[in-house]
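Structure record follows, encoded as structure tokens.
The values are calculated or read from the model by the stated rules, or taken from the named source; none is laboratory data. All of these numbers come straight from a predicted model, not from anything done at the bench. Positions of Cβ are generated from backbone atoms using ideal geometry, with glycine treated the same way; all protein chains shown enter the neighbour counts.
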Amino acid sequence: MTALTDPYATGDIVVRLKDKQWHDLGGGTRFKLLRCNMQTGEWVIYVHMTAGATFAPHRHLSDSEYYVTRGELLYDVGSAPEGTYGYEPLGSVHHEARCEVDTEMLFFGHGAVVYTGENGELRFILDNEFLRDVASGALEADVS
């Protein structure tokens, strides 16, 4: 039987945020892995961005959802202050995502997000496997 707190479980999961450890995504961003389904590709993370942290340009290969619990996320489509729910449909492209104050959010990924460089070249794919590898220490990341 899988433990209820196992983020890779395929059944019920019960997670206390305070019991999860932080994992570094680089550039002032870190996350706590809450769920990482290796069969469906879905993942859920709790994100903390320090003031000035950024996300590199990226494209969503599936839809995503988030809820800002503290601070304010600023990106192409506008401002998402504390208490904001956001939905990002498949194919969404974000050239800029950043915060000017410490910001935290609950993020639900339903699949992969492709991060690109200045000239549109592929830098990396953030998906369930990427998050698993960062959380296990097998991979270092820099989403900025």
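Here's the yes/no breakdown for (1) at pLDDT 95 or above; (2) in contact with a Lys or Arg (Cβ under 8 Å, 6 or more places away or on another chain); (3) among the basic types (Lys, Arg):
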residue	(1), (2), (3)
Thr2	no, no, no
Pro7	no, yes, no
Gly26	yes, no, no
Lys32	yes, yes, yes
Tyr67	yes, no, no
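Output the residues belonging to region 72-81 that are farther than 12 Å from Met49 by Cα and either loosely packed, with under 11 Cβ neighbours inside 10 Å or not hydrophobic (A, V, I, L, M, F, W, C) (or both). Break it down stepwise before answering.
First pass over region 72-81, keeping only residues farther than 12 Å from Met49 by Cα: 75-81.
If the condition is that a residue be farther than 12 Å from Met49 by Cα and either loosely packed, with under 11 Cβ neighbours inside 10 Å or not hydrophobic (A, V, I, L, M, F, W, C) (or both), then Tyr75, Asp76, Gly78, Ser79, Pro81 are the ones that fit.
So, of the residues in region 82-99 that are assigned to a strand (DSSP E or B) and without any contact (Cβ under 8 Å) to a residue 24 or more places away in the chain, which turns out to be surrounded by the fewest Cβ atoms within 10 Å (Cβ to Cβ)?
If we filter region 82-99 for residues that are assigned to a strand (DSSP E or B), which is where we start, we get 85-88, 93-94, 97-98.
Checking which are without any contact (Cβ under 8 Å) to a residue 24 or more places away in the chain leaves us with 85-86.
Working: Tyr85: 11, Gly86: 16.
Going through the qualifying residues, I end up with Tyr85.
Could we say that Ser79 is among the polar types (S, T, N, Q), at pLDDT 95 or above and in a loop (DSSP other than H, G, I, E, B) here? Break it down stepwise before answering.
Working: among the polar types (S, T, N, Q): yes; at pLDDT 95 or above: yes; in a loop (DSSP other than H, G, I, E, B): no.
So Ser79 fails the test.
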